[in-house]
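This report refers to the structure that appears directly beneath it.
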Amino acid sequence: IALLRKPKIITPAWLLMQFRNNMLSNLTFDLIALGVSTSEFETQLKPYLSNIAEWMKAYMVPPMGQNNALIDGSVIQDIEDMEINMWSDVIGVKGRIDVAFRRKSDGRIVPLELKTGKSNYSRDHEAQVLLYCMLLSERDSGQIPPGMLLYLKDATSKSINPNPNSLKQIISTRNGMSIFGGHIGIDA
């Protein structure tokens, strides 16, 4: 939500206010079910807010940020959308892309996947981003764009570049899961 607003000053306090005003009411039942108070949840949330604010100040378009180049050298032109539900009958997958931004250099849409943990290497995270890249390619020119991972706990980002071998492996894994699902009665 904060990415779609255009404040001049980004601070952890401003992000916390955005959370309280726009998201907290949607989490009330979940917090009750978990036995977590709002103040306990906000205490756990606060360390992330500093990293999010610093990332936004560095990479977002002015006046929100300085529009610095991301780890792969690309620069954000604007935020295309957030929480995008996408599906593809061609590759047989669906997913929800956290953030999609438009690159300034060529106007291509790039997925940005947000992770709450630390930035330890995960093939699963990389595969998820590559699937999102494939989903976006159907909406765009058919070319598969690169993707980005942002680990919010330590503010580390990673560029994910599609290559034929990794894409083939992901589709092969997807097909294997589909076959297995069919054997146990799950429609793929």
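The values are calculated or read from the model by the stated rules, or taken from the named source; none is laboratory data. What you are looking at is a predicted structure, and each value in this text was computed from that prediction instead of being measured. Because the Cβ atoms are built from the backbone with ideal geometry, glycine has one as well, and the counts that use them run over all protein chains shown.
Assorted remarks:
- Comparison of Met60, Met86, Met82 shows that the only residue that is surrounded by 15 or more Cβ atoms within 10 Å (Cβ to Cβ), touching a residue at least 60 places away in the same chain (Cβ under 8 Å) and closer than 24 Å to Asn161 by Cβ is Met82.
- Output for segment 105-139, where each listed residue is among the charged types (D, E, K, R), surrounded by 15 or more Cβ atoms within 10 Å (Cβ to Cβ) and within 18 Å of Gln77 (Cα to Cα): Arg108, Glu113
- So Ser157, is it in contact with a strand residue (DSSP E or B) (Cβ under 6 Å, 6 or more places away or on another chain) and closer than 19 Å to Ala69 by Cβ: yes
- Among residues that are modelled with pLDDT of 80 or more and either assigned to a loop (DSSP other than H, G, I, E, B) or within 24 Å of Glu80 (Cβ to Cβ) (or both), Ser172 is not included.
- Residue within segment 9-25 that is touching a strand residue (DSSP E or B) at 6+ places or on another chain (Cβ under 6 Å), surrounded by 11 or more Cβ atoms within 10 Å (Cβ to Cβ) and of a type in the set (Phe, Trp, Tyr) present: no
- Here segment 39-57 is the region considered, the condition is being surrounded by 14 or more Cβ atoms within 10 Å (Cβ to Cβ) and touching a Lys or Arg at 6+ places or on another chain (Cβ under 9 Å), and the residue that is nearest to Arg108 (Cα to Cα) is Asn51.
- Scanning segment 89-106 for residues that are under 19 Å from Asn161 (Cα atoms) and touching a residue at least 24 places away in the same chain (Cβ under 8 Å) yields Ile91, Gly95, Ile97, Val99, Ala100, Phe101, Arg102, Arg103, Lys104, Ser105.
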